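Peer 1: I am attaching a structure below and will ask some questions about it afterwards.
The values are calculated or read from the model by the stated rules, or taken from the named source; none is laboratory data. Here the structure is a predicted model, which is why all the values come from computation and not from measurement. Heads up: the accessible areas ignore ligands, DNA and RNA and are worked out on the full protein's heavy atoms, side chains in. Shrake-Rupley method; radii C 1.70, N 1.55, O 1.52, S 1.80 Å.
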Amino acid sequence: MPERIPKELVEIEDLTIHGGAPVLLRRALARLASGELLEVRGDSPELAEEIAAWCRKEGHRYLGADKRPN
């Protein structure tokens with residue numbers, strides 16, 4: 001299986017999907033080619049759930065959460 005290395009990283013800190021994060025996500029995604037990966041890091045405890053739902057809504061694949069501290 002090929003190694004999954006993100007092409008871009010977005011630090012959304014304490015932003016949420018309802019608090020401005022989609023603006024940063026869309027800007028980063030616009031710089032990526034189809035199939036390239038975006039890593040998202042943030043402080044919100046609900047981030048993984050919110051990002052997964054947002055990805056489904058927007059037509060993106062969500063590959064899961066890594067629970068390591070930033």
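Peer 1: Just the accessible area for ASP43, please: 1.4 Å probe, Å², rounded to the nearest 10?
Peer 2: Spelled out: ASP43, probe radius 1.4 Å, area about 100 Å².
Peer 1: When only C-alpha pairs under 8 Å and at least 6 residues apart count, what is the relative contact order of the chain, in percent?
Peer 2: 36
Peer 1: Also: Output the Cα-based Rg and Dmax of the chain in Å, rounding Rg to one decimal and Dmax to a whole number.
Peer 2: Rg, Dmax (Cα atoms, Å): 11.6, 36.
Peer 1: Among GLU58, GLU13, GLU49, which one shows the highest mean-square fluctuation when the chain is modelled as a Gaussian network with alpha-carbon springs under 10 Å?
Peer 2: GLU58
Peer 1: How much mean residue ellipticity at 222 nm does the chain get from its helices, if each DSSP H run of length 4 or more adds -39500 (n - 2.57) and you divide by all residues, to the nearest 500 deg cm²/dmol?
Peer 2: Taking each H run of at least 4 residues, the total per residue is -9500 deg cm²/dmol.
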